[in-house]
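Notes follow once the structure below has been shown.
The values are calculated or read from the model by the stated rules, or taken from the named source; none is laboratory data. The shown structure was predicted, so the numbers you read here are calculated from the model rather than taken from an experiment. Cβ coordinates were reconstructed from backbone atoms using ideal geometry, including for glycine residues, and neighbour counts include every protein chain displayed. The protein model used for the area step is the full one, side chains on, heavy atoms only, and it has no ligands, DNA or RNA in it. Shrake-Rupley method; radii C 1.70, N 1.55, O 1.52, S 1.80 Å.
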Amino acid sequence: MTQYSSFANGGITLIKPYQAGKPIEEVQRELGLSDVIKLASNENPFGMSQMAKKAAFEAIEQGNLYPDSNGYYLKQKLLSKFGYNPERITLGAGSNELINLLFEAFVNKDVNVIFPEYSFVVYPMETTVNGALARLSL
């Protein structure tokens, strides 16, 4: 059987798989708890706002179409509300994608990356994948 890891680029074979936080139901079952509030994974214990729910339902109507990859209308709103130049805004599908783009553009074996020990799991992963040296800050 072919070992596909031998075809992988850079340090991809050196990273460990991401371990997501446990679901609320699993914590309840394991610890015998009934009321659990999950604060990890950037989740909101209060649920979606009514405005977010309305926007999500409206978006379903166009779920068969690709969105505007340039984010023209979002950039225009950021310009009108905050004065941000749309040409200086980069959008991504979450922070992971933007962090990945930054690391791909600027991090290599000749670079040290400094991040707090208990920070976002993507920082050490991207550091390793791009062959850089991780330096933990205290």
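Among the residues of segment 111-134, those that are in contact with a Phe, Trp or Tyr (Cβ under 8 Å, 6 or more places away or on another chain) and either among the aromatic types (Phe, Trp, Tyr) or part of a strand (DSSP E or B) (or both) comprise 113, 115, 123, 134.
Of the residues making up segment 74-91, those that are surrounded by 13 or more Cβ atoms within 10 Å (Cβ to Cβ) and under 29 Å from residue 20 (Cβ atoms) are 74, 91. Scan segment 32-54 residue by residue and report those that are at pLDDT 90 or above, aliphatic (A, V, I, L, M) and exposed (fewer than 10 other Cβ atoms within 10 Å of the Cβ). The one that is at pLDDT 90 or above, aliphatic (A, V, I, L, M) and exposed (fewer than 10 other Cβ atoms within 10 Å of the Cβ): 51.
When 22, 38, 16, 54 are checked against the criterion of being basic (Lys, Arg) and closer than 25 Å to residue 107 by Cβ, 16 stands alone in meeting it. Of the helices (runs of 4 or more DSSP H) lying entirely inside segment 1-82, those containing at least 3 residues that are of a type in the set (Asp, Glu) span 24-31. Among the numbered criteria (1) open to solvent by less than 70 Å² (accessible area, probe 1.4 Å); (2) farther than 16 Å from residue 11 by Cα, which one does residue 117 miss? So the condition that residue 117 fails would be (1).
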